[in-house]
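Reviewing the structure listed below.
The values are calculated or read from the model by the stated rules, or taken from the named source; none is laboratory data. From a predicted model like this one, the values you see are computed outputs, not experimental measurements. Neighbour counts are summed over all protein chains in view; Cβ atoms, including those assigned to glycine, are modelled from backbone coordinates with ideal geometry.
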Amino acid sequence: MSSSPPPYAKLNPPHTANIIPRERLFARLDQLKQNQAVWVGGPPGAGKTALVASYLTVRSMRSLWYQVDSGDTDVSTFFYYLRETVIAQFPRTKNALQLLTPEYLGDIQGYSRRFFRQLFARYPENSVLVLDNFQEASGSQAFCDAVQVALSEAPPQFCVIVISRFVPPDSFARLCANRSIALLAWDELKFTATEMHAIATESGIDQSVLATLVDLAQGWVAGLVLLLEYIRQKGSTCLPQARNIARQALFDYFTGEIFAAFSEQDRDALLRLGMFSSFTELSARCMTGTQNIELLLERLFQHRLFIGRISEPFRYEFHPLFREFLCIQAGKIWPEHELATIRIQAAHLSEQEGAIDDALGLYAEASDWPELMRLINRQAAAMLAHGRYKTLSAWIGRFPEDIVVQQPWMLYWQAAAEQPFNPALSRAGLEKANTLFKSDNDITGRFLTCSLALRSFYMEWSDAHGVDAWLPEMEVLYARHGASLPPEIEAQVLAAGIGIFYRHPGHPLLPIWARRALQLLTSPGFKPNEQMPASDFVVVYYLHKGDMEASAQALDAIRTCMELNETPPVITISLAAYSTIYAVQSADHDAACRHVDNGLTIARAQGINVFDAILYGLLVHAHLSAGNGEQAEAALLHMEKLRLHWRRIDNSFVHYLRSGLCLLRGEAAGALDAVKASMAITEATGTPLQHNFGRIGLIHALIGLGDFDAAKRELAILHEFADEMPSYIFGFNALLAECHLALKSTASGAELLAAIGKAFAHGRQHGYMNAHPFWLPEFMSELCGIALQHDIETDYVIRLVHKRGMVPPAELIEAWPWPVKMYTLGRFSLVLEDLPFRHTGKMQKKTLDLLKAIIALGGRNVTSARLADLFWPEAEATSARSAFDMALHRLRKLLGRDDAILLSEGKVTLNPACCWVDVWHMERLMNEIEDLLKHSSVNEDRLAHLTGKVLHLYQGAFLGSDCDQPWIFAMSEKIRQKFLRQIKSVGMHWQGTGQYTIASALFERYLEQDPLAEEFYRLLMLCHDAAGNRSEAVNTYHRCRKILARMQGSKPSEATEILYRQLSL
């Protein structure tokens, strides 16, 4: 027999066509449902379910009916089926109501609150949630807690009705005390004489006999139904005369009498149908072999003999009391082997109709272990996906222990069900399963067992050493059978790569697996259920390898899959974490923060707290990358509070991030202490990837402390790790650390430039915009400045500077990609975003005049009042202010940046973070030259370099032809005099050290600016003479004589004449 699976019977209310309406209790329920919950409690057969079902029908109320059974003791099963009920009514709710999977187990109360809030939000006012047969799962505290949450979260105008054989458990005392629960108990549920007469109206029984029946039933409707049927079969003379018979005794006696009156064929049919919790006419016909079985079912239904109808098409279910009676009778009538055969038949029919839980139970009761095993193997993966770990474990627990220990697949599923709760115990079961799979030569079993074991170490996140015990097995398996794996198994195998990567990031299988996993993720025929397990591995692998293109492909494939398919929140949160790492490596700080915020928002909304510490740790990374120390500190404090201390790698992560924060602040000693603490954990846990992340921080800390030898040793180890993995991003970090070492140690300039060339060529090749995990802003700015000065990877460095928004180095390098460059020495010109600016029109000239004035007045803290006086001297103060504001607006617009010119408290400043002015740069260079000349031992290489820069910059008078303005002339003369003084000082230094050629060149440069400076002719004459070029010295005298005579009609001084005569001897 085959049919499409019907709706679950437990999710459908009974039909009410044959139920007597009880207006008395309907009115009472109208009153009671003003509370959040109504508890309908009474003995079996009291008419509780019929009452509530008919009430909802008569009042036309929207309802959600859930029939509790023993399977709901696993609260994951309860939420699974309840979710199915809501989805059946509201298909779009599928993504809003999440399954109770392991990531929620840390806060089931929180999960329950969110679940019921989402559930209640879907229903209109005056709706009802019915939990029928509460007592069937009341032994589970988790189930009781979930129901309490439902009662507490029910909004106004929404009522929860609980139907139970018992009063509320003690754990519901608070809800009862604050009157959240209204109780409709047995005393009120009892049928009145009038109601019982209404039930018996069609029976044709004499009124005096009916009065006796009513008295005997004592308000218990099940008793009345039995007595009526008994009278039909036996007659009124057979009624017992005793009163106050116990309900159970009454039921057992009369049910036995009535059952005996059925024909043998009908009795046999009822006993067989008693195997089902619910059934259709089709399954009833197959089970009993009776073609007209519907006649018996209809007769029972019309006589209200403990059978109800649910759903469309009709499914039947016996009253629990009657079904229990039938099961007991079956055990008495049929021998065990025959009973087992009947149960197996019922199990097959249940399985075909989609009633899997019923089928599992029947196979177990029949001790048909092969069939139970077959069905578990078929359903286990789905049960795990639904979060029903404990249910799966319970079903396997039905097997005798001596069978389980011999069945590898049962051991495997048992271990899989245990893994979220106890990975170590799970692996012990996997070892046993693997031994048996080997004996059976079950290749698929061996692959899956190894994969699950290897992944467990990554999920445990505490110690990776155990990977070494499983890895050889996987290596051999894959070498022999990897090429012939079916896709769904292949994805599970590739997923194990994350466990291997955790322990052996350079393992030769990993690049092969990563390429294949990426192919699966990006293939047109992508099947999420089969191929998504490999997604964690492929993203983690490529991110840490530093392959940005492959990482982007994998992340895009996962996003596409999420858009097209229902996605559990845990995958969405994982994607947010991986996207954060990618954004940090791409130097997209805003995107990284958005991804973290998105991940935390989903985690909070769903009550998944296992990722919180990691997400905050990634936020620390993002802030460190952006140079935001305070925000990084705040995020790190959150991480420290939220970390799960048993996850030892999280503890190392905290220390590691602390070291990064110390490095950002320049606290090398603190960084060293923190990174050593981190590396002690990663060493003990056998996690080389995390260990070498720490090594990057260790190297920079050692350099900061001046321990260059130790830094060099660690750097060699880091290079070796990067090459063996291989990892481009680790290689980039190693090359940058090498630059840091060369910059701070005694390495030669050539060695430093060679190191910078290698590092930036590597960065350009792989498109790196970040030195993840540690970005040291001042160091990187200095490195980029040196690279630009020496034309090393200029295009890449400029992109890097722009992308990172780098603050220029202390040395205001002209080659730096300044947004605004201003040349004022010998001319005035602008370069905006590396393009020369050409102004047109009178309006632009006036705007540029304002800029010249700001520079001439120092460029820093120039009062707006002074500028207004210069440009609008005749205007009133208010008008001058308005004119100034408009001019400033135009100037900012012309420069293309509002932040280029800062205005604070009426003072104007050119922003040094984005504006370069040649005169500022020259002043800084000259100040450094002055400092150099003060030392007894002058760094002459540095002096020559700085002097060359100054000479290059000074192209003439400040603002060239515009220097006739008084406020310009003062600045121009000040700069000129300082320039000349410095040329003299430096020239005399070189003269004093015997560097006559250099000194002569400087003195000549001085004379270009001041041809009447007679002293410099004498200095130049002395240099030529000392260099052995006396004739040039004499020529210099004659040049001096001519210039003085021509320009001022004078003769050389006596000092010059004396020097000349000495040279002429």
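Taken as a whole, region 552-561 holds at least one residue that is hydroxyl-bearing (Ser, Thr, Tyr) and part of a helix (DSSP H, G or I).
Once region 758-779 is narrowed to residues that are over 27 Å from the mean Cα position of the chain (by Cα) and at pLDDT below 95, the residue that is farthest from ASP791 (Cα to Cα) is GLU778. Within region 605-667, considering only helices (runs of 4 or more DSSP H) that don't extend past its boundaries, which have at least 3 residues that are modelled with pLDDT of 95 or more and within 16 Å of the chain's Cα centre (by Cα)? Qualifying helices (runs of 4 or more DSSP H): 612-626. Residues in region 342-377 that are of a type in the set (Phe, Trp, Tyr) and touching a residue at least 24 places away in the same chain (Cβ under 8 Å): 1 in all. Scanning region 119-176 for residues that are surrounded by fewer than 22 Cβ atoms within 10 Å (Cβ to Cβ) and on the phi > 0 side of the Ramachandran plot turns up ASN126, GLN157.
Residue under question is PRO408, and the condition is that it be at pLDDT 95 or above and of a type outside the set (Val, Ile, Thr); does it hold?
On the way: at pLDDT 95 or above: yes; of a type outside the set (Val, Ile, Thr): yes.
Here the answer is yes, as PRO408 does meet what is asked.
Annotation note: of GLN148, GLN135, GLN109, the sole residue that is at pLDDT below 90, assigned to a helix (DSSP H, G or I), assigned by TED's automatic domain parsing to the domain that holds GLN98 and under 19 Å from ASP72 (Cβ atoms) is GLN109. Look at SER263 and say whether it is modelled with pLDDT of 80 or more, of a type in the set (Ser, Thr, Tyr) and buried (at least 19 other Cβ atoms within 10 Å of the Cβ). It is false that SER263 is modelled with pLDDT of 80 or more, of a type in the set (Ser, Thr, Tyr) and buried (at least 19 other Cβ atoms within 10 Å of the Cβ).
Of all residues in region 922-939, which are out of contact with any strand residue (DSSP E or B) (no Cβ under 8 Å at 6 or more places or on another chain) and either aliphatic (A, V, I, L, M) or surrounded by 20 or more Cβ atoms within 10 Å (Cβ to Cβ) (or both)? Scanning region 922-939 gives LEU925, MET926, ILE929, LEU932, LEU933, VAL938. Reported count of residues in region 965-979, each being hydrophobic (A, V, I, L, M, F, W, C) and either out of contact with any Leu (no Cβ under 8 Å at 6 or more places or on another chain) or outside any helix (DSSP H, G or I) (or both), is 3. Within region 4-27, the presence of a residue that is in contact with a strand residue (DSSP E or B) (Cβ under 7 Å, 6 or more places away or on another chain), at pLDDT 90 or above and over 28 Å from GLN352 (Cβ atoms) is excluded. Could you tell me whether VAL596 is buried (at least 20 other Cβ atoms within 10 Å of the Cβ), among the β-branched types (Val, Ile, Thr) and under 13 Å from the mean Cα position of the chain (by Cα)? Against the criterion (buried (at least 20 other Cβ atoms within 10 Å of the Cβ), among the β-branched types (Val, Ile, Thr) and under 13 Å from the mean Cα position of the chain (by Cα)), VAL596 qualifies. Pairs are defined by a Cβ separation below 8 Å, a sequence spacing of at least 6 or placement on different chains, a first member in region 63-76 that is assigned by TED's automatic domain parsing to the domain that holds GLN141, and a second member that is assigned to a strand (DSSP E or B) and among the hydroxyl-bearing types (Ser, Thr, Tyr); the pairs so defined are SER63/SER127; LEU64/SER127.
Figure legend. Inter-residue proximity from region 80-93: first residues more than 14 Å from HIS386 (Cα to Cα), second residues assigned to a helix (DSSP H, G or I) and among the hydrophobic types (A, V, I, L, M, F, W, C), beta-carbon distance below 6 Å, spacing 6+ or different chains. Indicated pairs: THR85/LEU11; VAL86/LEU119; THR93/VAL86; THR93/ILE87. Among the residues of region 73-106, those identified as under 27 Å from TRP646 (Cβ atoms) and in a helix (DSSP H, G or I) are VAL75, SER76, PHE79, PRO102, GLU103, TYR104, LEU105, GLY106.
Sub-7 Å Cβ pairs linking a first residue in region 898-916 that is free of Cβ contacts under 8 Å to residues at least 12 places away in the same chain to a second residue that is of a type in the set (D, E, K, R) and surrounded by fewer than 19 Cβ atoms within 10 Å (Cβ to Cβ), at least 6 apart or interchain, are ASP898/ARG892, ordered by first then second residue.
Among the candidates LEU689, LEU600, single out the residue that is modelled with pLDDT under 95, assigned to a helix (DSSP H, G or I) and more than 24 Å from LEU800 (Cα to Cα). Of the residues listed, the single one that is modelled with pLDDT under 95, assigned to a helix (DSSP H, G or I) and more than 24 Å from LEU800 (Cα to Cα) is LEU600.
State all residues of region 892-910 that are out of contact with any helix residue (DSSP H, G or I) (no Cβ under 6 Å at 6 or more places or on another chain) and assigned to a helix (DSSP H, G or I); if no residue qualifies, say none. Correct list: LYS893, LEU895, ASP899, ALA900.
Is it fair to say GLN36 is modelled with pLDDT of 90 or more, farther than 30 Å from MET383 by Cβ and surrounded by fewer than 22 Cβ atoms within 10 Å (Cβ to Cβ)? Judged against the criteria, GLN36 is not a match.
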